[in-house]
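The values are calculated or read from the model by the stated rules, or taken from the named source; none is laboratory data. The model shown is predicted, which means the values in this text are computed figures rather than measured ones. Note that we place each Cβ from the backbone using ideal geometry, even for glycine, and neighbour counts take in every protein chain shown. The protein model used for the area step is the full one, side chains on, heavy atoms only, and it has no ligands, DNA or RNA in it. Shrake-Rupley method; radii C 1.70, N 1.55, O 1.52, S 1.80 Å.
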Amino acid sequence: MPQEVKDIIKQIEAAGFEAFAVGGCVRDCILGRTPQDWDITTSALPSQIKEIFARTIDTGIQHGTVTVMIGKTGYEITTYRIDGEYKDCRHPENVEFSSDLKDDLKRRDFTINAMAYNDSTGLVDEFDGINDLNKGIIRCVGDAKERFTEDALRMMRAIRFSAQLGFDIEENTYNAISKLSPSISHVSMERIQVELVKTLLSDNPGYVMRFYETGLFKYVLPDIGRVLGGRYSRNALTMLKFSKKQPVFRYAALLNTLEPENVRKTLRELKLDNYTVEHVTKLVANSKVTIEENEPALREAVHQYGRELIQMMFEHEAAIIATKEEITGIKLAGKKKHLIVLRAMYDEITKRGDCICIKDLDITGNDLMEYGLKGPEIGKTLNELLGVVIENPRLNDKATLIALIEHLN
């Protein structure tokens, strides 16, 4: 544990209470991973924690959580609790504080997330989480149907953890997901999107198939369900494997067989940001575009799509080629060579600083006004000059461009 966490636990113990690091941080340490954050659970009440530490923030005090500030870092400390009735399939109506660590551990989702540790007691593993870690299993604490009835998002979390860790889902847990999958409709799309993208960005993005197999996507993301349940499912799963670990590329791989309007609709349903929606939609829409193997054609493509998107298109195309090779068993040497040539050509065009847009021209609208052009003529002339320079970058010189004006149609 970090020294700050040890010190917090020691201070709470010195005041006469229990305190443990709990949950995902314990799991990650056992797996040899670096935890993203450290959660602490304690027998002390929130008011007592506030008396022990000088700097605290009431981040979730109604649920027993107080954040203790050590320097500029915050550590969440939550009182042992028993959750009340879950009426919305997401949040307990109320919580009851407890003095028993086991009460707190048994309300957690999965055995691998229900372990606690401190230096004086050692590991507390009431539900055999270590054994499940060793066997590579995601299993609910207690009755799986109860855990998923309490919080429907846990069904997606089970699949997400299985993808991140490369684990199987224990049979009763998996069957409970399949049985209770309609209740996922109670969960906000923002929460669903977080679990989906974490699955897609894992080392096992193909585990996204489990969202379809359990019926979860049937109720919230039917278009993705149709992709995974249709004739192109193997294509989508294989392409995920060859795509970069970035949301735009993984979403584009998953949705590449959909029509662009359906891609946009699905991404909007997921409440994704405009950047992701637009770039994924454009990647899918342009996935069948072929750029000729010459510099003018490539400069025109860069002008049309933009520098960022054209590079994304190269990356997306590489994944498409690798996918086709794996599925068909046929080497696509010609397509791979074409892409290599385009990428090298793009690097050379960029290095030289070739003109690809109006602002790169060595002439401006003001220059054309001085020449005597007015209104729409200015924009039309600039675009025509850009076309000439895209074809031959050496002509991008102010005097040359002015001389060319008289020869434009």
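In this rough spin-label picture, where each label sits 7 Å from Cα along the Cβ direction, the Lys244-Asp103 distance is 5.1 nm. Accessible surface area normalised per residue over the stretch 11-83 is 49 Å², counting heavy atoms of protein chains with a 1.4 Å rolling probe. The residue list Thr257, Gly215, Gly225 was ranked by how far each Cα lies along the charge dipole of the stretch 212-258 toward its positive end, using unit charges on Cβ atoms, and Thr257 comes out on top.
Answer rounded, prolate or oblate for the stretch 2-117, using the Cα gyration tensor with square roots of eigenvalues a ≥ b ≥ c: rounded when a/c is under 1.5, else prolate when a/b is larger than b/c, else oblate. Because a/c hits 1.5 or more and a/b fails to exceed b/c, the stretch 2-117 counts as oblate. Using only the Cα atoms of the stretch 227-357, build the gyration tensor, take square roots of its eigenvalues as a ≥ b ≥ c, and label the shape rounded, prolate or oblate: rounded if a/c is under 1.5, else prolate if a/b is larger than b/c, else oblate. It is oblate, given that a/c is not under 1.5 and a/b is not larger than b/c.
With both residues required to sit in the chain, DSSP beta bridges show an antiparallel share near 80%. For the stretch 160-251, the residue among Phe161, Met239, Leu201 whose Cα projects farthest onto the positive side of the dipole built from Cβ charges is Met239. For the chain, set up a GNM with springs between Cα atoms under 10 Å and report which of Leu283, Leu258, Leu123 has the largest fluctuation. It is Leu123.
On full extension, the segment bounded by Gln3 and Cys357 gains 122.0 nm, given 0.36 nm per residue less the C-alpha separation. Of the GluC sites (Glu not before Pro) in the stretch 302-409, the ones in a loop by DSSP (not H, G, I, E or B) with at most 11 other beta carbons within 10 Å are Glu406.
Its Cα centre serving as origin, the stretch 124-178 has a Cβ charge dipole (Lys and Arg +1, Asp and Glu -1) of approximately 280 debye. Charges on Cβ only, +1 for Lys and Arg, -1 for Asp and Glu, centred on the Cα centroid of the chain; of Gln11, Ser188, Ser98, which one is farthest towards the dipole's positive end? Towards the positive end, the residue furthest out is Ser188.
By the rule of a C-alpha distance below 15 Å, with chain neighbours fewer than 8 residues away ignored, the aspartates and glutamates paired with Lys198 are Glu190. Subtracting the Cα-Cα distance of Asn383 and Glu259 from their residue separation scaled by 0.36 nm leaves 41.5 nm.
Using a Gaussian network model of the chain in which every pair of alpha carbons under 10 angstrom is joined by a spring, one finds that among Thr290, Thr214, Thr323 the greatest mean-square fluctuation is at Thr290. Checking [x] 25.3; [y] 20.8; [z] 22.1 against Kirkwood radius over Cα pairs in Å calculated from these atoms, the matching label is [x].
For the stretch 215-270, the set of trypsin sites (Lys or Arg not before Pro) satisfying both a DSSP loop assignment and a count of at most 13 other C-beta atoms within 10 Å is given as Arg231, Lys245.
Peptides 33-40, 158-165, ordered by how many other C-beta atoms sit within 10 Å of their residues on average, highest first, read 158-165, 33-40. Using the Karplus relation 6.51 cos²θ - 1.76 cosθ + 1.60 with θ = phi - 60°, the per-residue 3J(HN,Hα) values for the stretch 111-116 come to 4, 6, 9, 10, 10, 10 Hz, with x marking Gly and Pro. With 0.36 nm allotted per residue and the present C-alpha distance subtracted, the Asn294-Asp37 stretch has 87.4 nm of extension available. Placing +1 on each Lys and Arg Cβ and -1 on each Asp and Glu Cβ, with no other charges, gives the chain a dipole about its Cα centre of roughly 1060 debye.
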